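Working notes, beginning with the structure itself.
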Amino acid sequence: MRSVLDIVDLSVEELQELMDTACDIIDHPEKYEEVCRHKKLATLFFEPSTRTRLSFEAAMYELGGNVISVSSAGASSAAKGESVADTAKTVSCYADIIAMRHPKEGAALVASRAATIPVINAGDGGHNHPTQTLADLLTIYREKGKMENLTIGLCGDLKFGRTVHSLINAMSRYPGSRFVLISPEELKVPSYVKKDVLQRRRIPYLQTTSLEDVMPQLDILYMTRVQRERFFNEEDYLRLKDSYILTPQKLKTAKENLAIMHPLPRVNEISIAIDDDPRACYFKQVANGKYMRMALILKLLKEAGTI
């Protein structure tokens with residue numbers, strides 16, 4: 001039974017297939033209103049989420065399906081000590097597909113090995129968040145009209161940011177991609193990401209602590225928040241949380257067609273004065289996430305022979 005745990009579980013051709021399906025859903029929503037009728041999505045969220053959980057649920061409802069849900073670890077048998085594997089086996093008896101978020105890296109893999117239905121990783125700790133990356137890719141595709149020959153600036157928490165790790169993995173497979181990695185020294189991209197992805201694939205990248213210095217180079221600026229929940233030391237979080245704040249002043253040297261992205265939620269990283277800038281794409285990302293999750297649910301259910 002095929003699951004999607006990491007963005008690299010999908011080939012470049014499959015990514016394009018999903019983007020094409022999502023674009024067709026946007027243009028012809030009526031074609032998809034009953035495709036998943038009588039099918040059930042189980043959303044198992046053992047970590048707080050607003051956008052991702054609601055996006056998955058909206059996606060299934062708009063496909064004509066139904067949703068059963070666990071919205072926190074405390075509301076499930078995990079509070080009694082039930083293992084992820086046993087939860088996955090149990091939920092497989094009730095649903096046709098699972099979307100799971102968990103604070104522990106590798107939890108989605110454990111679930112997928114135990115489940116008898118497809119599992120979609122909706123975020124596992126600081127590791128991966130493939131469906132956010134699908135939202136990011138559709139946003140890039142719709143804003144830029146291409147996926148090749150782009151300079152992508154990633155700014156903020158690049159150490160714990162699972163959305164950053166997934167996006168690097170995805171965009172590094174497109175010819176001509178170049179990365180500019182902007183972060184405090186303490187929040188740099190992990191060495192394994194640089195070694196296993198960027199260096200192994202010979203992808204050019206630049207590391208810097210200055211957003212202003214590299215702004216004119218960027219086709220895409222992907223802002224991220226410093227995540228309080230990933231820190232063991234409150235003092236370190238408070239010291240680093242406002243390292244980068246994007247303001248209209250800092251955009252004065254940016255390209256006119258820059259795409260400003262953010263996986264949300266934002267705290268202080270992007271001034272609300274940017275929201276009306278035509279280059280701001282972060283709320284478009286939210287909508288694109290729903291369409292890409294619809295496309296992925298359809299793909300996995302079709303491959304499973306369920307629809």
Working only within segment 250-270, note down all residues that are modelled with pLDDT of 95 or more and of a type in the set (S, T, N, Q).
-> Thr253, Asn257
Residues of segment 121-151 that turn out to be surrounded by fewer than 24 Cβ atoms within 10 Å (Cβ to Cβ) and β-branched (Val, Ile, Thr), as a count = 2
In segment 71-87, what residues are under 16 Å from Glu47 (Cα atoms), at pLDDT 65 or above and open to solvent by less than 30 Å² (accessible area, probe 1.4 Å)?
-> Thr87
For Arg266, are the conditions met, namely being outside any helix (DSSP H, G or I), under 21 Å from Arg51 (Cβ atoms) and not hydroxyl-bearing (Ser, Thr, Tyr)?
-> yes
Quick one: Ala111 ticks every box in (1) touching a helix residue (DSSP H, G or I) at 6+ places or on another chain (Cβ under 8 Å); (2) open to solvent by 10 Å² or more (accessible area, probe 1.4 Å) bar one, so which box is it?
-> (2)
For segment 123-222, list the helices (runs of 4 or more DSSP H) that sit wholly inside it and hold at least 2 residues that are in contact with a helix residue (DSSP H, G or I) (Cβ under 6 Å, 6 or more places away or on another chain); which are they?
-> 130-144, 162-171
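What do you reckon, is His102 exposed (fewer than 14 other Cβ atoms within 10 Å of the Cβ) and under 24 Å from Gln285 (Cβ atoms)?
no
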Cβ-Cβ under 6 Å pairs, at least 6 apart or on other chains, segment 256-270 side within 12 Å of Val226 (Cα to Cα), far side surrounded by fewer than 16 Cβ atoms within 10 Å (Cβ to Cβ) = Asn268/Asp242; Asn268/Ile245
Any residue in segment 4-32 that's in contact (Cβ under 8 Å) with a residue 12 or more places away in the chain and on the phi < 0 side of the Ramachandran plot: show its pairings with residues that are charged (D, E, K, R) and open to solvent by less than 70 Å² (accessible area, probe 1.4 Å) at Cβ separation under 7 Å, as long as the two are six or more apart or on different chains.
-> Val12/Arg173; Leu18/Lys299
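The values are calculated or read from the model by the stated rules, or taken from the named source; none is laboratory data. What you see is a predicted model; the values in this text were computed from it and never measured. No Cβ is skipped: glycine too gets one built from the backbone with ideal geometry, and neighbour counts run over all protein chains shown. Quick note on the areas: whole protein, heavy atoms, side chains included, nothing else; ligands and nucleic acids left out. Shrake-Rupley method; radii C 1.70, N 1.55, O 1.52, S 1.80 Å.
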